[in-house]
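Trainee: The structure under discussion is supplied below as structure tokens; questions concerning it will follow.
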Amino acid sequence: MSSALNIGTLALNANLSALQVIGHNIANVNTAGYSRQTVDMRSSGYQTLGGNFYGQGVELGTVARQHDAYLTREAQLSSSVASADSERLARLNQLENLFPTGETGLGSAMNDLLNAWSDVASSPTNLAARAVVIGRGEEIAARLRDTAGQMDILASSARQQVGDTVDTINKLAGEIGILNQKIIESQGNTGQPNDLLDQRDTLIGELSKLVQVSTVSADDGSMSVFVAGSQPLVLGTGVARLAVVPDSTDGSQQRIHFQLGNNSTALPVSALGGELGGVMQFIDEDLKEVGNQLGRMALALNATVNAQHQLGVDLRGDTGASFFVPATDAAGLPVPTNTGTAALHAEVSDPTALRPSDYQVNFTGTGVDIVRLSDGQSTSFAGLPADLDGLSFQIDSGAAASGDSFLVKPFAAAARDMQMAVSAADRLAAASPVMVTPGTGNTGGMSIGSLYAVEPSANLTDPVTLTFLADGSFTATGLGPGNPPPDNPGLPPSYNYTPGQPLVFNGWSLTLRGNPSAGDSFDITAASTTNFAQNAGNAAGLLALRDLATFDGVSLANGYSAVLSDMGTRVQGAQFAASYSGQVASSNEAARAAVSGVNLDEEAARLLQYQQAYQAAAKYMQIAQGIFDTLLQTMR
């Protein structure tokens, strides 16, 4: 009878334990990260009696959690990618808001400035028209400064987020290390501390959203967590940390370092992943490259307008000064390992050839390699000075040693430092230093479109006479060196003429319209000092800048479209990436939850199952007790 009572007791305890597990599942149906638990029943053995084997009942084997390590790992990885894409998209949307279109856009302000020269060209003595030009210049300069300032604020916010994210990563890593210790101490011979394991998986899931991790389980139940592929952020119960460190070359930039003891290792941005990787990619790539696009627009506008304005003459008869405050040359930032004493800079040599990129200047044993960092293109030179992409790289002082390297950021401050240099209307250099006079015997129907200087040639004001021949070509006398050779080398050598096409000689550009007659002539000489007030040649030259191919073949007037196009491409790509990775993450999490999640219908069915089993065991106990009582009474 004692065996029967023991069987009933074991059945009651086992089924009661199953009911407790089911109740625990139901209670945690809405607990994030909770894995459904199940009981494993097993026979408690047997005894022999009279050559027969009699079972001794049931016992609880183990309480196991429904967990698929592969699905959990996939959910964590896809969550890390989705977090990176989502965070980058959110930041890009903020950046895109800084580049509006329409009347509030930079493109409108730039066109307003260039178009304002039209009224000056029509009425060079109109001081009101000149004041409008200055006002338009101040407006585009202010908008460029404001946009750059807003980008600085966005960059500061992103860097603050990087610091906060790293602090959270270190905190989670510490908590995982503590849980590893508890799990090691709680690990049984057969059972596992399921709730502790769930808590650790939840923390690793939260960590995966911040930075991409990989995990390795140990026999003692602990789990090591690695970042950037192989750096042990958590190794058993030991915990390392991440740190935000200023870049050794460019102190305005941040780098993420892995720190273990006294060792510090820089982690590549491409290996970070998660929210941290998304923000760092935004700072290191998107913000920098869009900033270079904006800086190139500002620098090209500054250099192009200044160069043309300096070729003119103002109302006081003085040679034109800078229209904008000239941009500061970009100083090379030396790498800390440099052993030489060289200092270098880059300045604009051709504003129409600029590329929106930073550059790295590497000194080798045989010369200099200049690397365009936007695409990794390297160009070799025998030494400095060297011209590349509209920039002239020059050594200021000292000498470089082989292996020395410099970072050059030509566009970093161009928009932020944009300022007007001209403040008085009479200081606008609207007049041309050269003038054209038609021959008195001209009989053709030709008219003068414009004449203005295009470069500071030493022969700019030398007298030149253009005389048209019967075949419509013309001869030019008085040209200085460096001019294009005649199109027709016969006698006399002559140049072909196309109505409306500029004729460029001696540093000036003359546009004639109409068809010439044989013998028609035009004399180009220095402008009369008494005629500057009525002379608007340089205003026409500044107006012509609108169509100057400046940004990879795009005109100066449409330069803002290059910035918008780049910005739009980035946002569109980020939107697709975020949508796709988000869907993958949701799918993987759903697959994980299908295995680990609590199904209330299923739990209700199991509740009835074990409730009935418990009641049956109780009834069995009652019967066994009755038989035992009857036996005792009979024995008395």
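Trainee: Pull up the cross-link candidates among the lysines for K288, meaning alpha carbon to alpha carbon under 26 Å and not fewer than 8 places away within one chain.
Mentor: K209, K409
Trainee: Note down the magnitude of the dipole of the chain about its Cα centre, charges +1 on Lys and Arg C-beta and -1 on Asp and Glu C-beta and zero elsewhere, to the nearest 20 debye.
Mentor: 1480
Trainee: If the label point is 7 Å along Cα→Cβ of S397, which residues in the stretch 321-336 have backbone nitrogen under 17 Å from it?
Mentor: 329-334
Trainee: Also, I was wondering about something else. Return the sequence-ordered ³J(HN,Hα) values of the stretch 128-141 in whole Hz as given by the Karplus equation 6.51 cos²θ - 1.76 cosθ + 1.60 applied to θ = phi - 60°, using x for Gly and Pro.
Mentor: 5, 5, 5, 5, 4, 4, 4, x, 5, x, 5, 5, 5, 5
Trainee: Using a Förster radius of 35 Å, what is the FRET efficiency between V325 and S123 based on their Cβ-Cβ separation? Nearest 0.05, please. Could the numbers behind the result be given before it?
Mentor: On the way: r = 27 Å, r/R0 = 0.78.
Efficiency for this residue pair is about 0.80.
Trainee: Please label the shape of the stretch 434-526 as rounded, prolate or oblate, based on the square roots a ≥ b ≥ c of the eigenvalues of the alpha-carbon gyration tensor (a/c under 1.5 means rounded; beyond that, a/b larger than b/c means prolate, else oblate).
Mentor: Verdict is oblate for the stretch 434-526.
Trainee: Would you mind calculating the relative contact order of the chain from Cα pairs under 8 angstrom and at least 6 residues apart, reporting the percent as a whole number?
Mentor: 18 percent.
Trainee: Amide H to amide H under 5 Å from M420: which residues, 5+ apart in sequence or cross-chain, H placed 1.01 Å off N in plane?
Mentor: Amide H neighbours of M420, under 5 Å, 5+ apart: V325.
Trainee: Here's a follow-up. Taking the Cβ of D426 as the centre, find all other residues whose Cβ is under 11 Å away and add up their charges (Lys, Arg: +1; Asp, Glu: -1). Could you put the intermediate results ahead of the total?
Mentor: Numbers: positive: R130, R316, R427; negative: D314, D318.
Residues near D426 contribute +1 overall.
Trainee: Apply the Karplus parameterisation 6.51 cos²θ - 1.76 cosθ + 1.60, with θ equal to phi minus 60°, to every residue of the stretch 613-618 and state each ³J(HN,Hα) to the nearest whole Hz, in sequence, with x for glycine and proline.
Mentor: For the stretch 613-618, the Karplus curve yields 5, 5, 5, 5, 5, 5 Hz.
Trainee: Classify the stretch 568-636 from the C-alpha gyration tensor, please: rounded if a/c falls under 1.5, else prolate or oblate depending on whether a/b exceeds b/c.
Mentor: Prolate, because a/c is 1.5 or more and a/b exceeds b/c.
Trainee: Summing -39500 (n - 2.57) over the DSSP H runs of n ≥ 4 in the chain and dividing by its residue number, what mean residue ellipticity at 222 nm do you reach, to the nearest 500 deg cm²/dmol?
Mentor: Numbers: 10 runs with 260 residues, N = 636.
After summing the helix terms and dividing by the residues of the chain, the value is -14500 deg cm²/dmol.
Trainee: Check N515: other-chain or 5+ apart residues with amide H under 5 Å from its amide H, H built from backbone geometry?
Mentor: For N515, whose amide H was placed from the backbone, the distant partners under 5 Å are G445.
Trainee: Label S586 and Q377 with points 7 Å out from Cα along Cα→Cβ: what is the distance between them in nm?
Mentor: It works out to 4.2 nm between the two label points.
Trainee: Residues with amide H under 5 Å of S494's amide H, sequence separation 5 or more or different chain, H placed in the peptide plane at 1.01 Å from N; which?
Mentor: The answer is D487, N488.
Trainee: On to the next question. Between T366 and V245, what FRET efficiency follows from the Cβ-Cβ distance if R0 is 45 Å, with the result rounded to 0.05?
Mentor: My answer for the efficiency is 0.85.
Trainee: Then there is this: Report ³J(HN,Hα) in whole Hz for each residue of the stretch 107-116, in order, from the Karplus equation J = 6.51 cos²θ - 1.76 cosθ + 1.60 where θ = phi - 60°; Gly and Pro get x.
Mentor: With coefficients 6.51, -1.76 and 1.60, one gets x, 5, 5, 5, 5, 4, 5, 5, 6, 4 Hz.
Trainee: A further question follows. Just to confirm a number: summing +1 for Lys and Arg and -1 for Asp and Glu over residues other than L333 whose beta-carbon lies under 15 angstrom from that of L333, what do you get? Mind showing how you got there, number by number?
Mentor: Numbers: positive: R255, K288, K409; negative: D247, D250, D329, D358, D396, D404.
It works out to a net charge of -3.
Trainee: Further, regarding this structure: Sticking with the crude label model, points 7 Å out along Cα→Cβ, report the distance from D219 to D284 in nm, one decimal please.
Mentor: It is 3.9 nm.
Trainee: With the Cα gyration tensor of the chain giving a ≥ b ≥ c as the square roots of its eigenvalues, does the rule (a/c under 1.5 for rounded; else a/b larger than b/c for prolate; else oblate) give rounded, prolate or oblate?
Mentor: Working: a/c = 4.38, a/b = 3.35, b/c = 1.31.
It is prolate, given that a/c is not under 1.5 and a/b is the larger ratio.
Trainee: Tell me the net charge near L179. Cut-off is 12 Å between Cβ atoms, L179 excluded, with +1 for each Lys or Arg and -1 for each Asp or Glu. List each step's numbers first, then the result.
Mentor: Values: positive: K182, R200; negative: E175, E185, D195, D198, D201.
It works out to a net charge of -3.
Trainee: Full-extension gain between T352 and A131, please, as 0.36 nm times their residue separation minus the C-alpha to C-alpha distance.
Mentor: Numbers: separation 221, 0.36 × 221 = 79.56 nm, distance 2.78 nm.
Contour length minus Cα-Cα distance gives 76.8 nm.
Each value in this text was obtained by applying a stated rule to the coordinates, not by laboratory testing. As the structure is a prediction and not an experimental result, all values here were calculated from the model. When we count neighbours, we look across all protein chains shown, and the Cβ atoms used for this are built from the backbone with ideal geometry, even at glycine.
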